[in-house]
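Q: I have a structure I would like to understand better, so I am pasting it below and will then ask my questions one at a time.
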Amino acid sequence: MSIDIRTDITEILVNEFGVPPEEISFSTPYEDLSFDSLMLLELALRLKSRFGITVSESEISAAGNLDGFVALFEDKEAA
């Protein structure tokens, strides 16, 4: 699923949040990307509607970056 979710995350960030594609780095900490908790929660809600996987705000925060965010969704899917 990692390829699909990465593509979906990129599309959501670009099309719905207006993040320039060149600014999206999956390994960069959220703070360095200027992603606040509300933006991450909204991203999680959009992904929940696509994949049916629920994550909590604390799990999202603990993930630290978009790579961790992807791993979180993959772990939840595998469970």
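The values are calculated or read from the model by the stated rules, or taken from the named source; none is laboratory data. As the structure is a computational prediction, the values presented were derived from the model and not from experiment. A quick note on method: Cβ atoms are made from the backbone with ideal geometry, for glycine too, and the neighbour counts reach across all protein chains shown. Areas reflect the complete protein model, heavy atoms only, side chains present, ligands, DNA and RNA absent. Shrake-Rupley method; radii C 1.70, N 1.55, O 1.52, S 1.80 Å.
Q: Among Ser27, Phe69, Ser56, flag the residue with its Cα farthest along the positive direction of the charge dipole of the chain, charges on Cβ as +1 for Lys/Arg and -1 for Asp/Glu.
A: Towards the positive end, the residue furthest out is Ser56.
Q: Let me ask something else about it. Please give the charge dipole size of the chain, origin at the Cα centre, charges +1 on K and R Cβ atoms and -1 on D and E Cβ atoms. Round to the nearest 20 debye.
A: That gives a dipole near 260 debye.
Q: Compute a Gaussian network model of the chain, connecting alpha carbons closer than 10 Å, and tell me which residue from Ser25, Ser49, Ser37 fluctuates the most.
A: For the chain, modelled as a Gaussian network with Cα springs under 10 Å, the answer is Ser49.
Q: Please report the relative contact order for the chain, taking Cα pairs under 8 Å with a sequence separation of at least 6, and give it as a percent rounded to a whole number.
A: The normalised contact order for the chain reaches 35 percent.
Q: For every helix of n ≥ 4 consecutive DSSP H residues, a contribution of -39,500 (n - 2.57) applies; sum these over the chain, divide by its total residues, and give [θ] at 222 nm rounded to the nearest 500 deg cm²/dmol.
A: Taken over the chain, the calculation gives -19500 deg cm²/dmol.
Q: Write down the accessible area per residue of the chain in Å², having rolled a 1.4 Å probe over the full set of protein chains.
A: Accessible area per residue: 56 Å².
Q: Still on this structure, please answer the following. When Lys and Arg each count +1 and Asp and Glu each count -1, what net charge do the other residues less than 15 Å away from Ser25, Cβ to Cβ, add up to?
A: Surrounding charge for Ser25 is -4.
Q: Whole-Å semi-axes of the chain's equivalent ellipsoid, largest first, each the root of 5 times a Cα gyration tensor eigenvalue?
A: Listed largest to smallest, the semi-axes of the chain are 18, 14, 12 Å.
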